[in-house]
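Below: the structure, in structure tokens.
Readers should treat all values here as calculations from the given coordinates under stated rules, not as data from a laboratory. Note that the structure is predicted; figures quoted are calculated from it, not measured. A quick note on method: Cβ atoms are made from the backbone with ideal geometry, for glycine too, and the neighbour counts reach across all protein chains shown.
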Amino acid sequence: MKYTVLSLFPEIIDAYFSSSIMAKALERGIVEYQAVNIRDHALDRHRSCDDAPYGGGPGMLMLAEPLGRALEAVFADKADKQRVIYLSPSGRPLNQALARELSAERELILICGRYEGIDQRIIDSYVDDEISVGDYVLSSGETAALVLIDATYRLVEQVISPASLEEESFDSCLLEYPQYTRPEIYATVSGELKVPEVLLSGHHENIRRWRLEKRVEKTLALRPDLIRLGEERLLFDEETRKIIQEKRDERDKGN
């Protein structure tokens, strides 16, 4: 998988790719990246990349010409056109299913907007997808691009052990169960907090059942919409459906 990121601030992108699991994925050749400085393709000596929008209005808009030239320079090095994504609050929402879809691509070309966004003619001419990372507005398209990169590269084969991805939140419409590590007893100013006994028992079936119950419990409390979605799509097996009903009954009795 290769990420080509077009940005006014490529140093933000460089910093991300130089640390943690991503740095190891680069070292192993599983992931590649190129940070393209849009200013390098500006037409004037001031390297201008923004101007006031036609029709008036607040803020500045990224110019079409530098961004278009940057994209054309990227395409010139490729035998075929790759998927171009513009990170925008107007785009379709990024979710786990879309992240999996994108992780299967050979290369993603990501456009990072700034200011009030980019000239619509760039979107009409070059962009395949507009994608939003959430229902809020960011000042930095780079931040949004890094969210998309982080959500997708970890799904690329060999980056992370498959076992670590099996029970992640959202894949099965259930949030992940709570986890604990050493020490067994954690002393705080409010008292001692202990690891649940079942996790210390060594009884694998009891641990599996406890974790499933906790996943259901947590999802019902925090994201009941995911439970409804899983039920609509018939994703839950008989055991999970039974636990969901038990937890709902317990909640109703408590009310």
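Roughly how many debye, to the nearest 20, is the charge dipole of the chain about its Cα centre, given +1 on each Lys and Arg Cβ, -1 on each Asp and Glu Cβ, and no other charges? Working shown, then result.
Working: 33 positive and 46 negative charges, 80 e Å.
I would put it at about 380 debye.
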Check your understanding: For labels at residue 225 and residue 30 in the simple 7 Å Cα→Cβ model, what's the distance in nm?
Key -> 3.1 nm
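Figure the gain on full extension for residue 100 and residue 189 (residue separation times 0.36 nm, minus the Cα-Cα span) and round it to one decimal in nm. Show your work: numbers first, answer last.
Numbers: separation 89, 0.36 × 89 = 32.04 nm, distance 4.31 nm.
Length gained between residue 100 and residue 189: 27.7 nm.
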Exercise for review: Starting from the Cα of residue 80, move 7 Å in the Cα-to-Cβ direction to define the label point; list residues of segment 127-162 whose amide nitrogen is under 17 Å from there.
Suggested key: 128
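So what is the relative contact order for the chain, in percent, with contacts set as C-alpha pairs under 8 Å and at least six apart?
Details: 334 pairs, mean separation 43.2, N = 255.
It rounds to 17 percent for the chain.
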Point to revise | Estimated FRET transfer efficiency when R0 is 25 angstrom, pair residue 128-residue 43 (beta carbons, to 0.05) | key: 0.45
Revision key, fill the gap. So, with points 7 Å from each Cα along the Cβ direction, the residue 160-residue 23 label distance in nm works out to 1.9 nm
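Give the percent of DSSP beta bridges with both residues in the chain that are antiparallel, rounded to the nearest 5.
Taking every DSSP beta bridge within the chain, about 20 percent pair in antiparallel fashion.
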Practice item. Please identify, among 186, 126, 16, the residue showing maximal mean-square fluctuation in a Gaussian network model of the chain using a 10 angstrom Cα cutoff. Key: 186
